[in-house]
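Chemist: After the structure tokens below, expect a handful of questions from me.
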Amino acid sequence: YKIALEYFKEKFEKEGFQVSIDTYTRWGKSYQNLRAIKVGNSNPNEIVMFGAHIDSTAGYPWGKESKAPGAD
């Protein structure tokens, strides 16, 4: 997922977003979230928020789940 994180970081930066990577710890392991902010021209005080999962998988390759729940 680190490759995907870097890919989207570069994409957002090229589009003029201010990008930061936030680190958090879960079950003793560190992970990162990407945050991209772009102030608008016509309504800079209004906020629009989008969320996505670039690291979501269908779980175990041998499992029954066929979809990536975070990508649905």
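Chemist: What do you get for trypsin sites (Lys or Arg not before Pro) in the stretch 9-39 restricted to DSSP loop and a cutoff of at most 15 other Cβ within 10 Å of the site's Cβ?
Modeler: K38
Chemist: Can you sort V39, V19 by solvent-accessible area, 1.4 Å probe, largest first?
Modeler: Reading off the accessible areas and sorting them downward yields V39, V19.
Chemist: Heavy atoms only, 1.4 Å probe, whole protein assembly: order L5, L34 by accessible area, highest first.
Modeler: L34, L5
Chemist: May I pose another question? With label points built 7 Å along Cα→Cβ from the Cα atoms of T23 and M49, find their separation and express it in nm.
Modeler: In this crude spin-label approximation the distance works out to 2.4 nm.
Chemist: From the protein chains alone at 1.4 Å, what is the descending order of accessible area for Y24, Y31, largest first?
Modeler: My answer, sorted largest first, is Y24, Y31.
The values are calculated or read from the model by the stated rules, or taken from the named source; none is laboratory data. Predicted model, so just to flag it, every value in this text is computed and none were measured. Cβ coordinates were reconstructed from backbone atoms using ideal geometry, including for glycine residues, and neighbour counts include every protein chain displayed. The area values use the complete protein model at the heavy-atom level, side chains included, leaving out ligands, DNA and RNA. Shrake-Rupley method; radii C 1.70, N 1.55, O 1.52, S 1.80 Å.
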